[in-house]
Amino acid sequence: MEETYLLKHPGVKKKILAGGTGPLPHFPPGTKLVFHFQTLLDNFERTVVDDSRLASRPAEIFVGKMFKLEVWETLLTSMRVGEVAEFWCDAVHTGLYPIVSKGMRLIAQGKDPLEGQRHMCGMGNLFHYHSTGFPELDELMRTPQSLIFIMELLQVGDPMSYHRESWMMEKDEKLSTVPLLHMRGNAMVKQRQFREAASEYKEAVLLLKTVQSREMPGDVDYMNLARMIIPLELNYCQCMLELHEYYQVIEHINELLDKHKDCVKGYYKRAKAHAAVWNEKEARRDFNMVAHLDPTLASLVHRELKALSECMKEKYWEEKDVYWNKLEAKDEKEEEEKVDEEEENKDAQDGDEGGKDDRDDKTEGKDWQQMLRLVMLLQEQGKVLMKEKDFQEAASKFKEALDYVDFLQNKQVHRGDEDWESLEKVRLPLTLNLSQCMLELQHYQQVVQLNDKLLESHQGHFKALYQRARAHAALCNNEEARRDLAAVEKLDSQFKPFVRQELKKLGENLRSMHAQQNKTYWDATREKWGPGQARQKSVTRGSGDSEEQADDINQSCQTKKEEESDNENTASAEVTEDNGGPDEDSCTLTTTAAVSDSVASGRLA
């Protein structure tokens, strides 16, 4: 075909490659033009930049709706339906093509072309972000040049025969459409058509955001539109919850709460989504925020947290059954192979190297990675057992885990190494949890021994001092208990009321012990200070006792310490330990009002 120039448009050349059918159509404002296009560089190779046929659908523009690349409207309105033409356009007409191409590429990928843009024009956004995200388009931005467009006009629509897109509507038309979409979405929810309802809510949100983008941030109209968006976003997220699209809920609510930090329903829906994908820490944080913002929902939050704990417990035991069985099968196989090797080499070994201790039996046939996995598994099992108040079994789990840590520290790494320090951080929570179990089981001497050893390497550790103080108090070791309680109060002055409670209980225990031993005050004083001191104190206090009476008392006193009484009703400290190690110093300690709950639960972090 012959090359021609388009009238009144210098810098544009047209070459008809295939003629269309019928007369030249009429193109009133709002006419929908459906077409395929191919963009080529004006070089020797005619490099292809874009091809709409590679996308899922053809391109569309609407006449008179201010399309960014104005020359395209001119090119298409010069064509007949079915016509294929090649257009050469000078750089003066193609400067905005990279912006148009970027938007079309994002649409073809199923993304929002306006996502992440600031409140400014398209060119402003490009200069702000310095790139379109596509290298070839960035090159066209740096060096504008003439381009070749090969277009095929597929369809010319009637302006009133199709659903109007949001960007084609005026502001008033968009605002009047939003309530209709909202009502349709609500009706679909009642019919449990959640996906269709989500589509209606999403379209309404897009309409409001389009109107909001033309307002100045912070203005009254901008804020009013933001408040209109909130219920639509929440309804959309509720539909996504029903459809089990939990990560979409988390993503949308994150964006919503960035702008509206007091949205109670937003926190609640995000908490439900986190709970559904086993993000326990995040779910608890959001549920607690709901109760903080609206105290009337405290009972609901309590039920949700209880249900979350049950679900996490079920998940833990399910995973334990799966992974523990696999690990045991692997260990059994390795042990069988090990036994076979030992039987083959048994005759060649000395009889003196016979038995091994229990710890060696446990570690035999396991590498250090298996041992570390067992340590973590045993720790989690111990925590669950403590929550179930099975302290005896929990203590055995923690002891076994500590055996593996001891083996790894003694046989695998050297003191001072980075791995040794990491294992020491693992040992700390295990020891504290074992000590808590021993405290609940009233094995106070073991508590003292455990914490003595722990404090050698972690001097001044708050939780260890407190547990040892409670054990000394239960054993009626007056001086040791007072020394540790004073250290606890010094480390945290806010803990002073709890220390006073423990000292009061210590005095009650001492009086109870002396009563069982038929000791008087003077007997206890003589035991503590000696005969001479006791006599001197009696004189200075004006007791009226004669020296003969004092001698009789001193001769009749016999010192004997019995085991601690079973009627100990002391305040229980709830010590929470995270898996993180020694640098996590946050602990929760409950007072007398929480005795029964603390002792019954034996909580861990």
Residues with amide H under 5 Å from that of residue 79, placed H, sequence gap 5 or more: none
How large is ³J(HN,Hα) for each residue in the range 46-57, as worked out from phi by the Karplus curve 6.51 cos²θ - 1.76 cosθ + 1.60 (θ = phi - 60°), to whole Hz, x for Gly and Pro? 6, 4, 7, 9, 9, 8, 5, 5, 7, 8, 7, 8
To the nearest 10 square angstrom, how much accessible area does residue 408 have with a 1.4 angstrom probe? 10
Can you give me the pair-distance distribution of the range 147-289, C-alpha pairs, 5 Å bins, whole percents? 2, 9, 16, 16, 16, 14, 10, 7, 5, 3, 2, 1, 0
Where the centre of each part is set by its Cα atoms, how far does the range 75-104 sit from the range 435-460, in angstrom? 80
Neighbour-limited loop hits for chymotrypsin sites (Phe, Trp or Tyr not before Pro), the range 184-229 (at most 16 other Cβ within 10 Å; DSSP other than H, G, I, E, B): none
Convert each backbone phi in the range 248-255 into a coupling constant with the Karplus relation 6.51 cos²θ - 1.76 cosθ + 1.60 (shift: θ = phi - 60°), then list the ³J(HN,Hα) values in order as whole Hz, x for Gly and Pro. 5, 4, 4, 5, 5, 5, 4, 5
Taking only C-alpha positions in the range 372-490, Rg and Dmax in angstrom work out to 14.8, 42
For a quick check of your reading of the filter: which chymotrypsin sites (Phe, Trp or Tyr not before Pro) in the range 227-285 sit in a DSSP loop and have no more than 16 other Cβ atoms within 10 Å? 278
Starting from the amide H of residue 50, placed 1.01 Å from N in the peptide plane, find each other amide H under 5 Å away whose residue is 5 or more places distant or on another chain. 39
By accessible area (1.4 Å), largest first, 21, 177 order as 21, 177
Send over the Kirkwood Rh of the range 176-241, from the inverse of the averaged 1/r over different Cα pairs, rounded to one decimal Å. 12.0
Collect residues whose amide H, placed 1.01 Å from N in the peptide plane, falls under 5 Å from the amide H of residue 42; neighbours closer than 5 in sequence don't count. 148
I'd like the GluC sites (Glu not before Pro) in the range 16-91 restricted to DSSP loop residues with at most 15 other Cβ atoms within 10 Å, sorted by number. 45
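The values are calculated or read from the model by the stated rules, or taken from the named source; none is laboratory data. Fair warning: this is a prediction, and the values are worked out from it, not measured in the lab. Neighbour counts run over all protein chains shown; Cβ positions are idealised from the backbone, glycine included. Note: accessible area is taken over every heavy atom of the protein model, side chains too, but ligands, DNA and RNA are not part of it. Shrake-Rupley method; radii C 1.70, N 1.55, O 1.52, S 1.80 Å.
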